[in-house]
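The structure appears below as structure tokens.
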Amino acid sequence: MERTSFDIVVVGGGAAGLRAAIAAAESDPELTIALDAVEFFVARCPKEIIQLEHWGCPWSRDPDGRVSQRAFGGMSVKRTAFAADKVGFHILHTLFQTSMKYDRIHRFDEYFVTSLIVDGGACTGVVAMNLRGGTMVAIQGKATILATGGCGRVYEFTTNGFIKTGDGMALAYRAGVPLKDMEMVQFHPTCLPGTGILITEAARGEGGYLVNKEGERYMQRYLPGKMELGPRDILSRAMVQEMKAGRAFEGPYGLYLGLDLRHLGAKKINERIPMVRELVEKYMGLDPIHELIPVRPGQHYIMGGVSTNGKGETTLPGLYAVGETACVSINGANRLGSNSLSECLVFGAACGIAAAAFAKKKASYPRGGAAREALKKEEARVFDGLLGRERAKETVAGLRVEMQQLMERDVGIFREDSALGDACGMLGKIRDRFAAVGLADKDRVFNTELTAVLELDFMLDVALAIAHSARNRRESRGAHSRTDFPQRDDANYLKHTLAFRTDGPPRIDYVPVTVTKWEPVERKY
Amino acid sequence: MAASDVVFRVKRYRPESGGRPTFQEYTIPYRNDMVVLDGLNYIKDHIDPTLTFRWSCRMGICGSCGADVNGQPRLTCGTYVRDVHRGAVTVEPLSNFPILKDLVVDFDDFLRKLASVTPYIVRKDWGDLRKEYVQYPEDVEAYRQQSLCINCMLCYAACPVFGSSPEFVGPAASALALRYNRDTRDEGADARLARLNTKAGVWECTFVGECSVVCPKDVDPAAAIQTLKFLATMRHMRRLLMPGSSSR
Ligand SMILES: Cc1cc2nc3c(=O)[nH]c(=O)nc-3n(C[C@H](O)[C@H](O)[C@H](O)COP(=O)(O)OP(=O)(O)OC[C@H]3O[C@@H](n4cnc5c(N)ncnc54)[C@H](O)[C@@H]3O)c2cc1C
Ligand code: SF4
Ligand code: FES
């Protein structure tokens with residue numbers, strides 16, 4: 001019989017979840033946690049880069065043997081450590097392999113979490129579907145950490161993988177925890193049309209140009225001081241404006257602009273950004289040494305998420321969140337390239353330690369009663385309810401596409417009130433129609449139609465929170481750009497949005513921003 | 001079938017219905033830029049939601065979408081239909097692994113093998129946590145190739161030795177063992193070589209080389225295994241000649 005009670009349950013095996021699990025296993029007793037998020041982040045980050053280095057991450061090196069740094073978009077000094085251009089990949093594999101060191105970390109591979117167990121006002125674990133066994137199990141923990149990543153799949157065109165469906169956000173939201181700043185969605189300017197494959201910032205960091213069909217480096221019209229090294233939101237908006245002005249190329253997947261690396265030469269491209277060449281050759285059939293790369297903006301990252309403090313604590317005792325699924329509010333309304341993985345590392349470690357301290361204070365494992373009840377409820381909801389529904393007119397693939405197109409059209413790069421109003425209304429209707437989705441696959445083992453239904457259910461909660469949060473912020477700030485309110489409005493909106501789940505539309509509330517050492521100023525480049 | 005259609009023959013296996021795997025044919029619209037995974041997703045979304053397969057990144061990085069395509073282990077997200085299709089595209093679960101459902105196979109055995117080669121940095125003294133270990137660009141180059149493995153299991157599906165002796169540690173786990181043995185920061189080489197210097201370790205390999213042919217990331221696990229055989233032999237010789245010595 002597999003063990004089902006633990007000190008800490010971590011949901012999600014990405015960078016943030018793995019880092020938290022390792023930190024909890026090592027439970028560094030020397031760490032003192034500063035309370036202010038931004039300053040804490042800056043102070044701790046180099047330490048995490050070195051920690052990863054000690055665990056074997058193949059960071060690129062300078063000739064003197066030290067870790068190389070390079071400039072990413074929006075930064076004036078070189079401060080990003082990189083591993084050729086496969087940063088995320090190498091961080092993930094370094095952490096995954098390092099996690100194998102600890103017998104105390106029990107991996108539950110291919111268990112899909114469907115809900116949280118809440119007992120007496122505290123989170124005491126999760127209910128999960130064992131995909132291979134086709135069973136539902138309760139996994140109890142003194143503390144639970146959500147690290148399920150982003151929610152890019154609520155949009156039609158995204159760089160995110162198929163599994164980025166906002167599960168952790170919806171799990172917390174359903175347990176009464178607010179989602180913070182969900183309107184802050186980042187669109188990355190350089191994605192390959194059709195597939196959404198991301199061309200890394202490093203392509204511009206190394207000197208790549210963005211050009212329109214007239215061959216003009218159009219950023220001189222929008223951001224002459226920074227040109228291609230401007231922040232992602234400004235670059236993405238400029239692309240939409242070039243498209244509207246009729247200066248974009250036209251291809252089988254719609255309008256696009258050009259990313260030009262030709263002047264960098266074969267040597268630099270092969271040495272510094274090999275993956276860019278590999279991806280473009282493989283997935284576009286073009287060689288960036290000789291040809292323009294077609295690019296367009298796509299959803300990439302969400303700054304918002306489960307509301308937490310710097311230790312990853314949520315408003316529900318025992319529940320933590322970290323990584324892209326969380327919103328610690330260090331990113332403000334925007335985010336510089338490369339901050340996300342650092343955030344996963346820094347806050348992953350902090351959160352793992354905080355959860356370990358919380359768990360240590362609790363002498364016994366949770367009582368089984370609440371878990372048994374939650375398990376029964378989920379079995380009834382998922383196996384008897386969802387799985388029992390006969391195939392009908394509404395399909396999961398059909399509703400998913402409707403939601404994605406709606407989000408793309410009305411809650412995208414530029415927003416305004418009437419479109420947002422439409423989106424909120426239509427999403428509500430899709431939510432209602434979801435109740436009629438039927439399933440063709442009736443098996444319990446590895447039922448990916450069933451997981452798709454559960455994921456759509458999560459995504460609809462998240463999409464509604466994004467649309468309503470966006471509609472309520474009647475100003476423009478960072479990634480949130482309202483054509484009807486183009487100015488930033490500190491008098492009314494220097495605060496975080498909180499979305500609370502209700503039986504109807506989300507309830508929107510605000511909390512003040514804690515301004516610390518760095519007073520916010522309007523960005524000027 | 002219209003000229004712009006393509007036929008996918010997909011192997012189906014439903015554990016809850018019992019029976020043996022069968023083939024099912026689907027006719028779907030063809031696009032010149034479609035990859036095999038696009039075809040599978042078209043089937044799942046528009047024809048048959050019961051078809052079951054893994055995927056996530058569709059950019060050759062997560063390693064989850066492997067299948068035998070017209071008899072060859074491939075990443076379905078990186079295989080263009082135009083490159084493989086001769087009338088029909090046949091998609092089957094990766095060979096040599098137990099099938100869980102349709103194209104989904106069980107990888108647990110690999111994860112145990114990976115864990116058995118201590119795939120992490122081993123050191124007695126971790127030194128100053130605030131200082132990086134010095135490593136020169138050529139030091140990184142020495143293990144870079146093996147560090148690119150995405151655990152996609154195509155090499156195991158292609159390996160006839162693994163097919164007939166399932167206890168064989170196999171290509172990817174060996175390549176990762178070499179990756180750490182070549183890392184200047186690591187001190188665990190000796191124990192790893194001891195683990196691999198066995199029948200079920202690298203000596204099972206008869207150097208067929210198929211693993212390197214199918215590897216989508218150019219990890220060249222076949223060469224890694226050959227190198228490990230050499231290093232294991234050297235270690236053995238050294239221990240015979242100089243008992244008590246250990247080696248890096
Ligand atoms: C193409 C691309 C390139 C990027 N490049 C960079 C970069 O160069 N620098 C940078 O800083 N950031 C980059 N980012 C952003 C960064 O990679 C992500 O924000 C970060 O990886 C998120 O990590 P995470 O640990 O929060 O979540 P993830 O890595 O997404 O992990 C989530 C985990 O949760 C699991 N999970 C999800 N739902 C459930 C459930 N219901 N039950 C159980 N498990 C579940 C998943 O299986 C997965 O293991 C990039 C993102 C993309 C898409
Ligand atoms: S060695 Fe190559 S084929 Fe084998 S798992 Fe790694 S990437 Fe895949
Ligand atoms: S879907 Fe990730 S490697 Fe193919």
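The values are calculated or read from the model by the stated rules, or taken from the named source; none is laboratory data. Nothing here was measured: the structure is a model prediction, and the numbers come from that model. Cβ: placed from backbone, ideal geometry, glycine included. Neighbour counts: every protein chain shown. Heads up: the accessible areas ignore ligands, DNA and RNA and are worked out on the full protein's heavy atoms, side chains in. Shrake-Rupley method; radii C 1.70, N 1.55, O 1.52, S 1.80 Å.
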Please give the number of the condition B:M59 fails out of (1) without any contact (Cβ under 8 Å) to a residue 40 or more places away in the chain; (2) more than 9 Å from chain A (Cβ to nearest Cβ).
(2)
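Condition check ((1) among the aromatic types (F, W, Y); (2) buried (at least 24 other Cβ atoms within 10 Å of the Cβ); (3) more than 14 Å from chain B (Cβ to nearest Cβ)) across all residues:
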site	(1), (2), (3)
A:L235	no, yes, yes
A:A245	no, no, yes
A:L257	no, yes, yes
A:E278	no, no, no
A:Q299	no, yes, yes
A:T308	no, yes, yes
A:L316	no, no, yes
A:L319	no, yes, yes
A:G323	no, yes, yes
Filter region B:62-80 down to residues that are out of contact with any strand residue (DSSP E or B) (no Cβ under 7 Å at 6 or more places or on another chain) and within 7 Å of chain A (Cβ to nearest Cβ), then give me how many there are.
1
Only one residue in B:S212, B:S174, B:S165 is surrounded by 20 or more Cβ atoms within 10 Å (Cβ to Cβ), more than 16 Å from ligand 1 (Cβ to nearest atom) and away from chain A (no Cβ under 14 Å), so which one is that?
B:S174
Sole exception among (1) more than 20 Å from the chain's Cα centre (by Cα); (2) away from ligand 3 (no atom under 16 Å from the Cβ); (3) open to solvent by 50 Å² or more (accessible area, probe 1.4 Å) for B:I121, by number:
(3)
Go through region B:90-102 and report how many residues are away from ligand 3 (no atom under 16 Å from the Cβ) and either open to solvent by 10 Å² or more (accessible area, probe 1.4 Å) or more than 10 Å from chain A (Cβ to nearest Cβ) (or both).
8
Among (1) without any contact (Cβ under 8 Å) to a residue 40 or more places away in the chain; (2) exposed (fewer than 15 other Cβ atoms within 10 Å of the Cβ); (3) in a loop (DSSP other than H, G, I, E, B), the one test that A:D484 misses
(1)
Just to check your reading of the model, which residue among A:T144, A:T165, A:T158 is closer than 23 Å to A:A24 by Cβ and open to solvent by less than 10 Å² (accessible area, probe 1.4 Å)?
A:T144
Residues that are of a type in the set (A, V, I, L, M) and over 30 Å from A:V453 (Cα atoms), drawn from region A:87-104
A:V87, A:I91, A:L95, A:M100
Please work out which residue is nearest to A:G150 (Cα to Cα), limiting yourself to region B:57-66 and to residues that are in contact with a helix residue (DSSP H, G or I) (Cβ under 8 Å, 6 or more places away or on another chain) and within 13 Å of ligand 2 (Cβ to nearest atom).
B:I61
State the number of residues belonging to region A:159-180 that are modelled with pLDDT of 95 or more and more than 8 Å from ligand 1 (Cβ to nearest atom).
12
Candidate set: region A:74-128, residues that are in a loop (DSSP other than H, G, I, E, B) and among the small types (G, A, S); chosen: the one modelled with the highest pLDDT
A:G121
Pair list, Cβ under 7 Å, 6 or more apart: region A:420-438 residue closer than 14 Å to A:S469 by Cβ, other residue open to solvent by 70 Å² or more (accessible area, probe 1.4 Å):
A:L420/A:R471; A:G421/A:R471; A:C424/A:R471; A:C424/A:P505
